[in-house]
1. Can you name the strands (runs of 3 or more DSSP E) wholly within the stretch 1-116 that have at least 1 residues being open to solvent by 70 Å² or more (accessible area, probe 1.4 Å), modelled with pLDDT of 95 or more and in contact with a strand residue (DSSP E or B) (Cβ under 7 Å, 6 or more places away or on another chain)?
2. So, in the stretch 214-226, of the ones that are surrounded by 15 or more Cβ atoms within 10 Å (Cβ to Cβ) and either assigned to a strand (DSSP E or B) or not hydrophobic (A, V, I, L, M, F, W, C) (or both), which residue ends up nearest to the chain's Cα centre (by Cα)?
3. Within the stretch 257-271, is there a residue that is farther than 17 Å from D290 by Cα, in a helix (DSSP H, G or I) and touching a Cys at 6+ places or on another chain (Cβ under 9 Å)?
4. Would you mention how many residues in the stretch 117-126 are in contact (Cβ under 8 Å) with a residue 40 or more places away in the chain and open to solvent by 60 Å² or more (accessible area, probe 1.4 Å)?
5. If only one of E158, E152, E170 is in contact with a Ser or Thr (Cβ under 6 Å, 6 or more places away or on another chain) and touching a residue at least 24 places away in the same chain (Cβ under 8 Å), which one is it?
6. How many residues are farther than 24 Å from A232 by Cα and surrounded by fewer than 16 Cβ atoms within 10 Å (Cβ to Cβ) when one looks only at the stretch 262-308?
7. How many residues does the stretch 142-168 hold that are in a helix (DSSP H, G or I), at pLDDT below 90 and under 17 Å from the mean Cα position of the chain (by Cα)?
Amino acid sequence: MFAVEAHNLVKRYKSVQALNSLNFTIDKGEMYGFIGPDGAGKTSLFRILTSLLIPDEGSATVLGYDVVKDYREIRKISGYMPGRFSLYPDLSVEENLQFFASVFKTSIEENYHMVKDIYSHIEPFKKRRAGKLSGGMKQKLALSCALIHKPEILFLDEPTTGVDPVSRQEFWEMLARLKKEGLSIVVSTPYMDEASLCARIAMMYKGDILAEDSPEAIQQMISGKLWSVSGARTYDILRYLRTFNTCFNIYPFGQNVHFQVSGDAEAVFQQIKNEFQNIQIVEIQASVEDVFLHLSARTEEEKEVLNG
């Protein structure tokens with residue numbers, strides 16, 4: 001039995017297709033990530049998997065329970081942390097945790113072992129109102145509330161968005177410890193660098209899954225050599241590269257431009273250096289973000305061809 005299984009999952013909002021016939025499986029005890037920008041459909045998917053939203057077509061199960069028919073069971077076995085802070089800001093840290101424990105007919109004392117490593121970071125501030133916490137502390141409180149009823153699977157929708165880098169790292173270290181205890185974890189994030197922390201990832205774009213595999217396998221999806229050029233005139237370099245018939249897969253990447261070359265690469269490099277001063281061209285290993293940009297651009301090109 002899979003932790004999560006989805007077949008032809010579709011969700012529409014009037015004229016907007018949020019999910020386009022998604023199919024995937026997640027193993028029990030796995031940390032699985034959905035990676036993609038805002039508008040990719042991640043939140044709609046998570047709300048369906050936690051029984052908060054009904055799909056228009058298709059089906060999904062969580063630990064064998066149907067997300068529509070067995071919603072009561074799913075809510076008992078699932079912990080859900082939505083992307084937006086949704087706890088009670090006027091209640092204290094301790095009161096929020098007590099409330100969520102009481103909803104599931106348990107107590108902080110009974111399941112303290114589930115949240116000890118996480119809650120210990122904010123326990124010194126347990127009398128402080130939740131609305132007055134920093135971003136990182138809010139996320140730790142939200143995770144504690146999602147765990148207090150001892151769930152079998154955890155759904156985390158963009159848990160580190162808007163959190164400082166140190167808190168992000170601490171949060172993922174906490175998730176790694178939870179995974180070691182056998183908890184199934186499904187997480188979404190817009191941060192491509194967090195993909196490497198998952199056993200497998202699905203890259204989402206406009207309701208579709210572009211690719212699904214381990215982060216290491218995803219990085220191998222760009223065939224051929226990938227080059228990075230850096231210089232003071234990034235936009236001009238980008239435009240210039242697009243004038244070459246032999247250059248393809250060209251896109252800005254931070255302060256650099258990444259691209260590929262078919263044919264005589266050295267001849268192309270020499271022309272670039274003749275046109276621009278003080279630039280560097282180096283071969284690089286494709287990252288998850290490189291693959292995402294490549295696949296999303298190809299998807300847009302295919303749609304343009306289909307639409308004429």
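1. 4-13, 16-26, 57-62
2. Going through the qualifying residues, I end up with P215.
3. Scanning the stretch 257-271 turns up at least one residue that is farther than 17 Å from D290 by Cα, in a helix (DSSP H, G or I) and touching a Cys at 6+ places or on another chain (Cβ under 9 Å).
4. So the answer is 2.
5. None of the others qualify; the one that does is E158.
6. 15
7. Going through the stretch 142-168 one residue at a time, the tally reaches 3.
The values are calculated or read from the model by the stated rules, or taken from the named source; none is laboratory data. Since the structure is predicted, the reported quantities are computational estimates derived from the model, not experimental observations. Positions of Cβ are generated from backbone atoms using ideal geometry, with glycine treated the same way; all protein chains shown enter the neighbour counts. Quick note on the areas: whole protein, heavy atoms, side chains included, nothing else; ligands and nucleic acids left out. Shrake-Rupley method; radii C 1.70, N 1.55, O 1.52, S 1.80 Å.
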